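Beneath this line is the structure, given in structure tokens, with notes to follow.
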Amino acid sequence: MTGAGCPLAAMKHADMPTIHALNSAFALPGHLYFEAGPAGLPHAVFHGSLAQARLSLQGAQLMTWQPSGQRPVIWLSERGQFAQGQALRGGVPLCWPWFGANPASSTHGFVRTAMWQITASKLHADGRVQLQLGLRDSPQTRKLWDHGFELFLNCTIGADLRLELCTRNTGETALNITQALHSYFCIGDIRRTRVLGLEGCTYLDKVQNFAPKQQLGAITFTAETDRVYVDTTVDCIIDDEAWGRRIRVAKQGSLSTVVWNPWLERASALSDMAPQSYHNMVCVETCNAGPDHITVEPGEQHSLSAHISVT
């Protein structure tokens, strides 16, 4: 399967870059700079007039995004564990080349704890800032997943948010992958939140051993919710009644959407999440998950993208 809009620069596997080198090569004065975050992990800091955001080079993980004049949109756990090689709870983790558990390796794949390389930065005429990151196979990744690949993440920060994850097959055999832009959203109150757009869709209920069900009306939350909506390309709208706003999640290159809230019991069991914080977050994830697998033939590429806006 091929995807458009994601040209891949030549990339080399990189160790942790120095902050000085990043600022010398990619900073955009008044819009983008780099600094050492907790545990010394390099962060990209977006601080233009349209929005503020922060992204960790470990995992190419957008951690926060707040359009100017708005409440925060992307949720990050207050108990998130910043450490080299440690997955971070919240933001938009990149799940690849598999989504979910893998008995032989880490949950949600290995790229969300890898150190990515900045390949380009750009200031658009309208004030949006675009950052491009890349990752490719290495002897370390080959031990986990013996395939040749190049990954490319395009992150465009402005009054809206655009994320594009491109997979290119550089090997000699087809890649069979599942993946996700595992986006966590801030909300005022989960009990006063609805997700619209998936009415009538079939979903697999992970809380009930993946039982297939049909969505009747809007999605509301009264208990742990963990669902894979299948065969759907529709936009989703998070109706955040408590904060008087709607968050639209539009997507391309995806036939599945995951909706998740852990509720109290599950959140209490997670060491990197405050038990009561489930009140103020919900995941609506742009995916190829469940039965939705992507095959990328040698020399081909696939693009998975999400466009997030607030009204």
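Every number in this text was worked out from the coordinates using simple rules, so none of it is lab data. Only a predicted model underlies this, so the values are computations on that prediction, with no experimental measurement involved. Virtual Cβ from ideal backbone geometry, glycine too; neighbours counted across all protein chains shown.
Data for the structure
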quantity: Charge tally in the Cβ shell below 10 Å around D205, where Lys, Arg are +1 and Asp, Glu are -1, D205 excluded; calculated: +2
quantity: Charge dipole (the chain, unit charges on Cβ, about Cα centre) - positive-most of P212, P38, T107; calculated: P38
quantity: Surrounding net charge for S277, when Lys and Arg each add one and Asp and Glu each subtract one, Cβ distance under 9 Å; calculated: 0
quantity: P(r) of the range 261-311 over all Cα-Cα pairs, binned every 10 Å from zero, in whole percent; calculated: 19, 28, 30, 18, 5
quantity: Charge dipole of the chain about the Cα centre (unit charges at C-beta), most positive-ward option of F26, V228, L144; calculated: F26
quantity: Estimated 222 nm signal from helices in the chain, with DSSP H stretches of n ≥ 4 weighted -39500 (n - 2.57), rounded to 500; calculated: -1500 deg cm²/dmol
quantity: Three semi-axes of the equivalent ellipsoid, the range 106-167, Cα gyration tensor, whole Å, largest first; calculated: 28, 12, 8
quantity: Distance (nanometres) between label positions extended 7 Å along Cα→Cβ at E300 and S24; calculated: 4.2 nm
quantity: Rounded to whole Å, sorted largest first: equivalent-ellipsoid semi-axes of the chain, Cα gyration tensor; calculated: 28, 24, 19
quantity: Longest segment of the chain lacking chymotrypsin sites (Phe, Trp or Tyr not before Pro) that sit in a DSSP loop with at most 15 other Cβ atoms within 10 Å; calculated: 83-209
quantity: Separation between Cα centres of the range 185-214 and the range 279-300, rounded to whole Å; calculated: 16 Å
quantity: Neighbour net charge for W263 - beta-carbon separation under 10 angstrom, K R +1, D E -1; calculated: -2
quantity: Calculated log₁₀ intensity ratio I(q)/I(0) where the Debye formula runs over C-alpha points of the range 202-311, q = 0.11 Å⁻¹; calculated: -0.41
